[in-house]
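Heads up, the thing below is written out as structure tokens.
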Amino acid sequence: MTDELEQLYQSTYTAVVRFLYRKVWDAERAEDLAQEVFVRALAHRPDKPRAWVFAVAANLARDEARSAMRRKRHLTLLKGDPISQPTVAPSADDTVEHDEQVASVQEALNTLTPRDREILLLWDAGLSYPEIAAQTGLAVGAVGTTLARARRRLVDAHDRQHAQTRNHAAHS
């Protein structure tokens, strides 16, 4: 691997895995897809490697989802985000709470439009506004506004879920 690509790998691998995980919700598959992204980067040697890596990651995740639907497989949410796993085994209560939080965020993300979800995941992966603009086709000046609206929609969706859960619990 050239020094530039090695540095890219070192600086972005974790962000690419996290980005892919939040698209496919399978830690092992996210790692496999991330490896594929960097193998392709090595073969193609792109001019703007960081933006290219996330574009390829998004395309691979999209292809993965299409393939899964064709085979009628259901993607499953694993017990935790592999990037933020604690080094000490959590208690059963902590695990249940974490699983509920991850499922709640996934459910809220799934209510968003594909563009809102994409921009949030790219931002969460650490891409800059110009990189997000290049990836999504938005003008650089529109990224901040679009991101703010997407965040607000995510919070609103999450709040609605909690309100529904509380209402359901109160009537049970």
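ASP94: at pLDDT below 85 and in a helix (DSSP H, G or I), yes or no? So ASP94 passes the test.
The residue list ALA15, ALA30, ALA61 contains one member that is in contact with a Phe, Trp or Tyr (Cβ under 6 Å, 6 or more places away or on another chain) and either of a type in the set (Val, Ile, Thr) or within 24 Å of VAL105 (Cβ to Cβ) (or both), which is ALA30.
Considering (1) of a type in the set (A, V, I, L, M, F, W, C); (2) without any contact (Cβ under 8 Å) to a residue 40 or more places away in the chain; (3) surrounded by fewer than 16 Cβ atoms within 10 Å (Cβ to Cβ), the lone condition that LEU42 does not fulfil carries the number (2).
Kindly indicate whether ALA108 is at pLDDT below 85, in contact with a helix residue (DSSP H, G or I) (Cβ under 8 Å, 6 or more places away or on another chain) and crowded, with 18+ Cβ neighbours inside 10 Å.
So ALA108 fits the description; yes.
In the set (1) modelled with pLDDT of 85 or more; (2) farther than 18 Å from LEU109 by Cβ, the condition left unmet by ARG66 is number (1). The residues on offer are ALA43, ALA34, ALA27, and the sole one that is within 13 Å of the chain's Cα centre (by Cα), over 20 Å from GLU118 (Cβ atoms) and outside the structural domain of LEU138 (by TED's automatic domain parsing) is ALA27.
Do the conditions hold for VAL17, that is, is it surrounded by fewer than 16 Cβ atoms within 10 Å (Cβ to Cβ) and either part of a loop (DSSP other than H, G, I, E, B) or not assigned by TED's automatic domain parsing to the domain that holds LEU120 (or both)? Spelling it out, it is not the case that VAL17 is surrounded by fewer than 16 Cβ atoms within 10 Å (Cβ to Cβ) and either part of a loop (DSSP other than H, G, I, E, B) or not assigned by TED's automatic domain parsing to the domain that holds LEU120 (or both).
The values are calculated or read from the model by the stated rules, or taken from the named source; none is laboratory data. Values in this document were obtained by computation on a predicted structure and should not be read as measured data. Cβ atoms come from the backbone with ideal geometry, glycine included; neighbour counts cover every protein chain shown.
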